[in-house]
Each structure stands twice: as structure tokens, then as C-alpha cells.
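Student: One structure is given below, represented as C-alpha cells, and several questions about it will come after.
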Amino acid sequence: MMVRPARDTELEAIRKVHLAAFGDDERETVACLACELQSNTSDPRHLGLVAEEQAVIVGHVMFSPVSVEGDDRILGFILAPLAVSPPRQGAGIGTLLVTEGIRILSGSRANIVFVYGDPAYYGRFGFRRETAEGFTPPHPLTYPDGWLALRTNDARPLPDAAGISCVPPLDRPELW
Ligand SMILES: CC(C)(COP(=O)(O)OP(=O)(O)OC[C@H]1O[C@@H](n2cnc3c(N)ncnc32)[C@H](O)[C@@H]1OP(=O)(O)O)[C@@H](O)C(=O)NCCC(=O)NCCS
């Protein structure tokens, strides 16, 4: 199994992974989001990774840039979405996708990575509610406990409170 940057030609395979992994109520929305973010190749700050096994894509994660209101020198990202093909779940693929993404972003001097997800899962990578506290997400949250963040370096002090803006595909109230 290998984790590597996604290619422009792999949108259909990426879409299939998300369609298979998510439940009926969200699969179309998330698959569409994943493809929209992944096709935004005009912005080099987007990072999409796939997990490939025997020439088949079995996992995908996307990191896109966010702006922190009041300080455009802070380099922030948000992890969304993440999916692993159901038959391959529980084999460490999600962990590899997330840790490789964080490793790459840390190397590119990212200061903070946000995620809106299950604290029980993302907590294992160091994402914490306390770290996200004070940062207002782009839209009101259905599950406020899922708003988490991870500091990837301390090179820049962060404000005590600031609004976060995201890229257009994520800037939809129904995703939050
Ligand atoms: C969440 C997901 C990406 C994890 O990928 P994975 O390859 O199965 O994850 P890993 O094998 O690296 O880790 C599996 C571990 O995570 C745990 N886990 C998986 N989903 C979890 C969740 N929602 N909450 C808490 N723990 C979770 C498993 O119980 C397992 O625990 P263990 O290591 O103690 O046995 C995958 O299950 C998936 O695609 N789920 C559907 C889509 C989804 O929910 N995406 C995340 C949106 S926030």
C-alpha cells in the first residue's frame, strides 16, 4: 500500500471511495466536495492524497487552505473529507493518509490544521477541541464538539479569537 499525491485523472476513483464510505444521507454531497476540492489544481496549497493498493485507490484525504482573520501570515489548513473503502477500513489506511498529510504540511511550515469530525478518531492524531477554541468556523456547527485543531508548529503566535474562512467548495452551511 502506498500513500501519494492524487492525480487529476483520478477523480472518478476518488469519487467512488467517498460514495462507498459515507452513509446515504451524505455520500453524494461528500463525494462531490472531494472532487471539487481535488480538481482545484490552480491553487497549489491544496493537498490531496490517495492510498493505492495493487493499482486500486482505496482511500483519499483532502487538505485545503483556510484564512485566519486578522493575520494573513498564519498558514492554516482544514482536513476534509477523508474516506477509506469499506472493505479496507480498520487496516491503518486512514491513519497513514492523515499522518502523511500532517507530515507534508508541517514540512511546508503550516501553523495549524483544523478538522470538523469525530474527536474519538481525530484525537489520536493530536487534534483537540482546546486548540480550535477561539477560532470561529465559517458557519454555525451542527456538532460543536467536532471542531478540532492541531498545531503543526509554534513559529507564529495565534490570536485568542479569530474567524476562519475556507475555500468556496467548503463554504456551504449544509456541510457544517
Ligand atoms: C474514518 C475512516 C476514514 C477511518 O479509516 P480507517 O482506515 O478505517 O482507519 P484506521 O484503520 O487508520 O483506524 C481504525 C481505527 O479507527 C477507529 N475508528 C474508525 N472510525 C472511527 C470513528 N468515527 N470514531 C472513532 N474511532 C473510529 C477504529 O475503531 C479503529 O480503532 P483501533 O485502531 O483502535 O482498532 C473510515 O472508517 C471511513 O472512511 N469512514 C467513513 C467515512 C468517514 O466517517 N470519514 C471521516 C469523516 S470525519
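Student: Given the range 1-60, report the % of alpha carbon pairs whose separation exceeds 17 Å. Please report the intermediate quantities before stating the final value.
Tutor: Details: 628 of 1770 pairs.
Roughly 35 percent, rounded to a whole number.
Student: Just the Cα atoms of the range 46-94: what Rg and Dmax do they give in Å?
Tutor: So, for the range 46-94, Rg and Dmax equal 14.4, 46 Å respectively.
Student: Report the full-extension gain for the segment Glu130 to Ser106: residue separation times 0.36 nm, less the Cα-Cα distance, to one decimal in nm.
Tutor: 6.7 nm
Student: Evaluate the distance, in nm, between pseudo-label points positioned 7 Å from the Cα of Arg73 and of Met2 along their respective Cα→Cβ axes.
Tutor: About 4.0 nm separates the two model spin labels.
Student: Give the Rg/Rh ratio for the range 95-176, taking Rg as the radius of gyration of the Cα atoms and Rh as the Kirkwood radius, to two decimals. Don't skip to the answer; put the middle values down first.
Tutor: Numbers: Rg = 12.7 Å, Rh = 13.4 Å.
Using only Cα positions, Rg/Rh for the range 95-176 is 0.95.
Student: Can you pull the accessible area of His139 for me, 1.4 Å probe, Å² to the nearest 10?
Tutor: Roll a 1.4 Å probe over it and His139 shows about 40 Å².
Student: What's the Kirkwood radius of the chain in Å, using all Cα pairs? Present the calculation step by step, with values, prior to reporting the outcome.
Tutor: Details: mean 1/r = 0.0615 Å⁻¹.
It works out to 16.3 Å.
Student: Could you pull the Cα extents of the range 137-176 along its three principal axes, largest to smallest, in whole Å?
Tutor: The Cα atoms of the range 137-176 stretch 34, 23, 17 Å along their principal axes.
Student: In Å³ and rounded to a whole number, note down the convex hull volume per residue for the Cα atoms of the range 15-105.
Tutor: Convex hull volume per residue, Cα atoms: 110 Å³.
Student: Continuing with this model, one more query. Using a 1.4 angstrom probe on the protein heavy atoms only, could you order Met2, Met62 from most to least accessible area?
Tutor: On the way: Met2 95, Met62 0 Å².
Accessible-area ranking of Met2, Met62, largest first: Met2, Met62.
Student: Got a number for carbon plus sulfur as a percent of the chain's accessible area, 1.4 Å probe?
Tutor: Details: 4490 of 8850 Å².
Here carbon and sulfur together make up 51 percent of the probe-accessible area.
Student: Can you tell me the length gained on complete extension of the stretch Asp25 to Thr99, counting 0.36 nm per residue apart and subtracting the Cα distance?
Tutor: Details: separation 74, 0.36 × 74 = 26.64 nm, distance 2.79 nm.
That pair, Asp25 and Thr99, stretches by 23.9 nm at full extension.
Student: Let me ask something else. Can you give the accessible area of Arg73 in Å² (nearest 10), computed on protein heavy atoms with a 1.4 Å probe?
Tutor: We get 150 Å² for Arg73.
Student: Which of the peptides 155-164, 99-108, 112-121 is most tightly packed, and how do the rest follow, judged by the mean count of other Cβ atoms within 10 Å per residue?
Tutor: On the way: 155-164: 13.2, 99-108: 16.0, 112-121: 18.8.
Per-residue Cβ counts within 10 Å, averaged per peptide and sorted highest first, yield 112-121, 99-108, 155-164.
The values are calculated or read from the model by the stated rules, or taken from the named source; none is laboratory data. All values reported here derive from a predicted model rather than from experimental measurement. All Cβ positions, even for glycine, are placed from backbone atoms using ideal geometry, and neighbour counts span all protein chains on display. Just the protein is used for accessible areas: all its heavy atoms, side chains included, with ligands, DNA and RNA removed. Shrake-Rupley method; radii C 1.70, N 1.55, O 1.52, S 1.80 Å.
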